[in-house]
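The values are calculated or read from the model by the stated rules, or taken from the named source; none is laboratory data. What you see is a predicted model; the values in this text were computed from it and never measured. We place every Cβ from the backbone using ideal geometry, glycine too, and count neighbours over all the protein chains shown. Note: accessible area is taken over every heavy atom of the protein model, side chains too, but ligands, DNA and RNA are not part of it. Shrake-Rupley method; radii C 1.70, N 1.55, O 1.52, S 1.80 Å.
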Amino acid sequence: MLDNVGLITDNHHYIKEFTIEQNVDLFSPFYSCFDRKLLNEKLKQYNINPLKKIFNLSKGECVQFQFAFAIEYKPSLYLFDEATAGMDIVYRKDFFKELGTLMIDGKVTVMLTTHLQEELENDVDYICILENGNMVSFSENVI
């Protein structure tokens, strides 16, 4: 099972020609504790129609769908690869608030890659700086 890791990227890994619902039908069996009811509630909260095809989602909606999908199987590690790049400012604020809620008990780890320096103002514990694929700095966040 794939329960331990939630991967959210700006280049989604779902079938573009399928609807959200069809993708959920296809991929949810790989997760032992997937909660479809909670996913539908989260999609409703994000105002995303589950009958919409993946290729018709905006970049931000696609990230929201991936995040909603991952939340429902409760992974202990979330990997966000440039996921916030397609988000509008309003949702980005809500996104970080929701991440904080997920991490509040200390049982969830989040790794986030970003080119947006303002994201370092959020509650992050460590910052790693990469140049050309090489780590040039790793430190506690002092912002």
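The phi torsions of the stretch 27-34, fed into the Karplus equation with coefficients 6.51, -1.76 and 1.60 and a -60° offset, translate into couplings of 9, 4, x, 6, 10, 5, 10, 5 Hz, rounded to whole numbers, with Gly and Pro shown as x. Once backbone amide H atoms are built at 1.01 Å from N, Thr9 has Asp81 as its partners under 5 Å, excluding neighbours fewer than 5 places away on the same chain. Rounded to whole numbers, the Karplus 3J(HN,Hα) couplings from phi for the stretch 8-22 are 10, 10, 6, 10, 4, 10, 9, 7, 4, 7, 8, 6, 4, 4, 5 Hz, using 6.51 cos²θ - 1.76 cosθ + 1.60 with θ = phi - 60°, and x at Gly and Pro. Its relative contact order, with pairs defined as Cα atoms under 8 Å and 6+ residues apart, puts the chain at 26 percent. Computed over the chain, the P(r) curve from all C-alpha pair distances, binned at 10 Å from the origin, holds 11, 41, 34, 13, 1 percent per bin.
Candidates Asn4, Pro29, Ile104 compared by Cα position along the dipole of the chain: farthest toward the positive end lies Pro29, with charges placed on Cβ. Relative to the dominant Cα principal axis of the chain, helix 59-72 is inclined by about 80°. Between Tyr78 and Gly6, Thr109, Val110, Met111, the built amide H atoms are under 5 Å apart, and every one of these is 5 or more places off in sequence or on another chain.
For Ser137 and Gln22, FRET efficiency with R0 = 41 Å and r from the beta-carbon atoms, rounded to 0.05? The value I calculate is 0.45. Our helix-only sum for the chain, with -39,500 (n - 2.57) per DSSP H run of n ≥ 4 divided by its residues, gives a mean residue ellipticity at 222 nm of -10000 deg cm²/dmol. Note that the stretch 4-143 presents 62 Å² accessible area per residue, ligands and nucleic acids not counted, probe 1.4 Å. For the pair Gln45 and Thr101, the difference between a 0.36 nm per residue extended length and the Cα-Cα distance amounts to 18.6 nm.
About its Cα centre, the chain has a charge dipole of approximately 560 debye under the convention of +1 per Lys or Arg Cβ and -1 per Asp or Glu Cβ, with nothing else charged. Here the average projected area of the convex hull drawn through the C-alpha atoms of the stretch 1-55 stands at 4.0 nm².
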